[in-house]
Amino acid sequence: MGSKEQILQLLENDSRLTHKEIAMMLAMEEESVTQQIREMEKEGIICGYHTIVNWEKTNDADVSAIVEVRVNPQRGQGFDRIAEKIYQFPEVQAVFLISGSYDFSIELKKAPMRDIANFVSSRLSIIEEVQSTSTNIILKKYKDHGTVFVKEDDEQRLVVSP
């Protein structure tokens with residue numbers, strides 16, 4: 001009998017699977033799979049279904065960026081309130097509280113370089129608690145959400161012999 005975690009793993013790998021296909025893979029009744037998926041959507045365990053796009057194979061010239069942010073949290077309010085200020089911006093794709101030199105890692109939506117620079121300088125940096133930022137432009141994606149973008153045929157390396 002399939003568990004919720006098994007259903008989640010299958011959907012995380014391929015969100016296009018039908019409830020019937022999942023039921024067959026886990027030896028379950030289709031109605032049970034449908035019911036469990038609905039419950040997990042209602043409980044916020046399943047938060048959405050997304051498509052992973054290899055933008056390098058399109059004519060899109062926009063860039064993606066990851067911004068690391070160091071903050072000074074206010075007493076009694078911690079990081080959650082600052083994160084909420086940040087994730088409210090429509091330019092923000094993802095926000096993570098991280099360990100290390102910075103407090104947050106922010107993934108921005110693809111945009112022209114000028115728009116990313118303007119966002120960091122005129123919207124993010126002016127938040128009172130923000131001490132510093134470090135903006136990293138994504139030059140090439142090799143793997144995203146478990147999907148590998150580079151095929152062996154795509155990698156053209158010279159053979160070097162001594």
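Read-outs: derived from the displayed coordinates by stated rules, not from any lab. These numbers were taken from a predicted model, which means no experiment stands behind them. Positions of Cβ are generated from backbone atoms using ideal geometry, with glycine treated the same way; all protein chains shown enter the neighbour counts.
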If the label point is 7 Å along Cα→Cβ of Ile52, which residues in region 15-35 have backbone nitrogen under 17 Å from it? 15-17
Rounded, prolate or oblate: which one fits the chain, using the alpha carbon gyration tensor with axes a ≥ b ≥ c (rounded when a/c is under 1.5, else prolate when a/b beats b/c, else oblate)? oblate
The residues Val71, Val148, sorted from fewest to most surrounding Cβ atoms within 10 Å, come out as Val148, Val71
Tell me the label-point distance for the pair Arg114, Glu41, using the 7 Å Cα-to-Cβ offset, in nm and rounded to one decimal. 4.1
Do the alpha carbons of any pairs in Lys4/Lys110; Lys20/Lys141; Lys85/Lys140; Lys20/Lys110; Lys85/Lys141; Lys20/Lys109 sit beyond 31 Å of each other, and which pairs? Lys4/Lys110; Lys20/Lys141; Lys20/Lys110; Lys20/Lys109
Per-residue Cβ neighbour rank within 10 angstrom, fewest leading, Tyr102, Tyr49, Tyr87: Tyr49, Tyr87, Tyr102
Could you work out the helix-only [θ] at 222 nm for the chain, with each DSSP H run of four or more residues adding -39,500 (n - 2.57) and the total divided by the number of residues, to the nearest 500 deg cm²/dmol? -8500 deg cm²/dmol
Over the chain, with a Gaussian network built from C-alpha contacts below 10 Å, which listed residue (Glu68, Glu41, Glu12) shows the highest mean-square fluctuation? Glu41
Put in order of increasing Cβ neighbours within 10 Å, starting from the fewest, Ile137, Ile106 give Ile137, Ile106
